[in-house]
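Okay, so here's the structure we're looking at.
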Amino acid sequence: MNYAETLGVKAKAVESAIATAAPQVKNNALAAIADALLSRQEEILAANAKDLEAAVQNHMTASLQDRLRLTPARISGMADAARQLIAAEDPIGSVDSGSVRPTVCKSSRPVCRWALSALSLSPVPMLPWMRRPFV
């Protein structure tokens, strides 16, 4: 299992705990993510430079290299996105739509939970392997 798959498995393991956490707990986590992105920006950029070197060595196309490339502006955008999520209303438990069926059965569609990660906060389009579901 590679690094990304390992992260996916770990995320899946804590899925229910995150889904049922109080909004303030989630907001504190998002604030910590935003702060860490900014405070560790140099470390993140150094690791990204290594990733970009490997991308060149592995003949990754220029467009995919651009998707992989982080800049201070992109990292700042990820931190801003995390802070915007803090300001947004927590959708967990709310109902998007509903109806009463002719059989008098009430049907409702709850709002799906948000999957949050540094990757999903990125303003850069996700690579195909990042969209692969982890089971």
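Based on Cα coordinates alone, diagonalise the gyration tensor for the range 27-67, multiply each eigenvalue by 5, take square roots, and list the semi-axes in whole Å, largest first.
28, 11, 6
Let me test this: with uniform point scatterers at the alpha carbons of the range 1-74, what is the Debye-based log₁₀ I(q)/I(0) at q = 0.14, 0.27 1/Å?
-0.68, -1.14
Return the distance in nm (one decimal) between the two label points of a simple spin-label model at ALA46 and THR20, each offset 7 Å from Cα along Cα→Cβ.
The two pseudo-label positions are separated by 4.1 nm.
Each label point is 7 Å from the Cα along the Cα-to-Cβ direction; what then is the distance between the points at ALA73 and LEU7, in nm?
It is 2.3 nm.
Give me the Kirkwood hydrodynamic radius of the range 40-94, using the inverse of the mean 1/r over all pairs of distinct Cα atoms, in Å to one decimal.
Here the Kirkwood hydrodynamic radius works out to 13.2 Å.
Coordinate-derived values only; no laboratory data. Keep in mind it's a predicted model, so treat the numbers as computed, not measured. Positions of Cβ are backbone-derived with ideal geometry, glycine not excepted, and every protein chain shown enters the neighbour counts.
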